[in-house]
1. For n ≥ 4 DSSP H runs only, could you compute -39500 (n - 2.57) per run for the chain, divide by its residues and tell me the 222 nm figure to the nearest 500?
2. Mind checking Rg over Rh on the range 3-118, alpha carbons, Kirkwood formula for Rh?
3. Once you've got the Cα coordinates, tell me which of K50/K85; K172/K244; K212/K244; K172/K230 are over 26 Å apart.
4. How far is helix 19-29 tilted, in degrees, relative to the longest principal axis of the Cα atoms in the chain, given as a value from 0 to 90 rounded to the nearest 10?
5. Only Cα pairs under 8 Å and at least 6 apart count here; give the relative contact order of the chain as a rounded whole percent.
6. Ranked from highest to lowest mean number of other Cβ atoms within 10 Å per residue, what is the order of the peptides 69-79, 208-218?
7. List the aspartates and glutamates whose Cα sits under 13 Å from the Cα of K17, skipping any in the same chain fewer than 8 residues away.
8. For the chain, find the longest principal axis of its Cα atoms and tell me its angle to the long axis of helix 120-134, 0 to 90°, nearest 10.
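Each value in this text was obtained by applying a stated rule to the coordinates, not by laboratory testing. Worth saying up front: this structure is predicted, and the values here are computed from it rather than measured. Positions of Cβ are backbone-derived with ideal geometry, glycine not excepted, and every protein chain shown enters the neighbour counts.
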Amino acid sequence: MPDNKLQKQIFVVSGGKGVAGHTMVQSLLIQYPQNKLNVKIIPEVQTIEKIQSVIEKAKAVNGILVHTMVNSNLRQILIDECCKKNVKQIDLMGELASYLENELGLQSVNVPGLYRRINAQYFQRIEAIEFTLNHDDGLNPGHLLKAEIVLTGVSRAGKTPLSVYLSMFGWKVANVPLVKGIHPPEELFEIDSNRVFGLQINANQLISHRHKRLTAMGNVDMSDYVDIQKVRKELQYADLIFEKGGFTKINVTNKPIESSANEILSHITERFGYHDQKRVK
């Protein structure tokens, strides 16, 4: 196969966000690991002018249009215009839509992005989980301002499991570790302090958590990590950071994760008035 075909560009055209079409294309392309195809999403194509614009872009690079247009009128216009301009187009929706309308007598409401709107809470949770995993343990501190909740505290205070638990209810959570001798990122003090929660924990319970961690790591020699005097100094340092930032302190000692989550969300909803669909039940 000539190399220019391997590098052909695919334009995924949609009246909505283009996520469905992009997923379908990528699900197929992964079966061809040798491909060098460049896939570009063209979302929100809801006018004749936008249709003509994307067709011109595809023609200029000898590209292919793959579309998931649910508006039957715009879909047909796109197909006709591609034919006139001699641009290859692949319709991912038309055949099924025609069957539903012509064979089953159903009528389309022609609303792009309707599935995503109806299932907004599900997508909200997925986005929140992805955000939380990408901002675990101090990752990407430059994006802290995008977080709805920020947890901070010493190692093994329970930041990660609590973050993930909250994200499953649609909250975008970041967590920032505090290490004595290392200054936390400046972004921690730039975010609204009403969104930041400092996790406090009893020293003995913290040491117990850390012993379990060391055992899981193969009993590596980290005596300072479980030394009671050093642990207490770490916790004192964390409290100083909480005070400096004006963060809300949450004591997680011997507390179920659900209780800690509800305590945090009680503060958040009181301060920012979020709707009940994002509360922990």
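1. On the way: 12 runs with 128 residues, N = 281.
Taking each H run of at least 4 residues, the total per residue is -13500 deg cm²/dmol.
2. On the way: Rg = 14.4 Å, Rh = 14.7 Å.
Ratio value, two decimals: 0.98.
3. Working: K50/K85 15 Å; K172/K244 24 Å; K212/K244 31 Å; K172/K230 32 Å.
With Cα atoms farther than 26 Å apart: K212/K244; K172/K230.
4. 80
5. On the way: 415 pairs, mean separation 37.2, N = 281.
Across the chain, relative contact order equals 13 percent.
6. On the way: 69-79: 18.9, 208-218: 12.2.
My ranking of the peptides, most packed first, is 69-79, 208-218.
7. Cross-link targets: E44.
8. 50
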